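What follows is a short report on a single structure.
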Amino acid sequence: GYYYESIDVQVEVNSAREYMITETLNVYYEEEMHGIIRSIPTSSDVEGYMVNDIHVDGAPYEVEDSYSSYDVRIGDADIYVKGLKQYTLSYTLSHYQDYDQLYDYIYLNLIGNDFDTYTNQLTAEIVWPENYKVQKVTLTDGYYGNRESRKLKYEMLDHGISIRSTSRI
């Protein structure tokens, strides 16, 4: 009943291992619906983290704490929408401090694993403090557990990385 015309994810990483995330979701409703549910995972295969400061512009929203995610219900139970709608979702991931004194790492699943439809275009930009030095970048796409990237390309920036999809995801 719907798909994402585009998803743009902007991430600002600070030295406290907090990721301030803003997602611009351009959703196309092919039929009348009340809205979408965006699930934000509360842990990864690598480590756990806290999710704070969830906010949505563009529609009413409710946040439900489920076992492994925060489910953000975007839309109104009394109002149907059809056609193109834009929502801006923002939140902060606060990663637990790691104990490696020499290195930190950025590990981030940009869109999570609970999408039940596709997006025509994904763009993202991740920026980090000036004193960070990147030694290795690994980018994956596709189904959960995939270890390669066939639909994403990236470009290194002065203090970040720019990512874009090359086809529908």
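Couple of notes before you dig in:
- Exposed-site-free run, longest, the chain (rule: chymotrypsin sites (Phe, Trp or Tyr not before Pro); DSSP loop; at most 15 other C-beta within 10 Å): 1-66
- 10 Å-binned pair-distance histogram of segment 108-169 (Cα, whole percent): 19, 53, 24, 5
- All-pairs Cα distance distribution in segment 1-79, expressed in whole percent, bin size 10 Å: 15, 45, 31, 8, 1
- Distant-in-sequence amide contacts of Tyr70, defined by a placed amide H-H separation under 5 Å and a gap of 5 or more residues or a different chain, comprise Ile40, Thr42.
- Surface composition of the chain: carbon plus sulfur atoms contribute 45% of the solvent-accessible area (1.4 Å probe, protein chains only, all chains present).
- Solvent-accessible heavy-atom area per residue, rounded to whole Å², over segment 1-152 at 1.4 Å: 61
- Extension gain from Met156 to Asp116, taking 0.36 nm per residue of separation minus the Cα-Cα distance: 11.4 nm
- Qualifying GluC sites (Glu not before Pro) in segment 18-103, DSSP loop, other Cβ atoms within 10 Å at most 15: Glu47
- For the chain, the Kirkwood hydrodynamic radius comes to 17.0 Å, computed from all pairs of different C-alpha atoms.
- Partners for Lys153 among lysines (Cα-Cα distance below 28 Å; same-chain residues under 8 apart left out): Lys85, Lys133, Lys136
The values are calculated or read from the model by the stated rules, or taken from the named source; none is laboratory data. Everything numeric in this text was worked out from a predicted model, so none of it was measured. Neighbour counts are summed over all protein chains in view; Cβ atoms, including those assigned to glycine, are modelled from backbone coordinates with ideal geometry. To get the accessible areas, we keep the full protein, side chains included, count just its heavy atoms, and leave off ligands, DNA and RNA. Shrake-Rupley method; radii C 1.70, N 1.55, O 1.52, S 1.80 Å.
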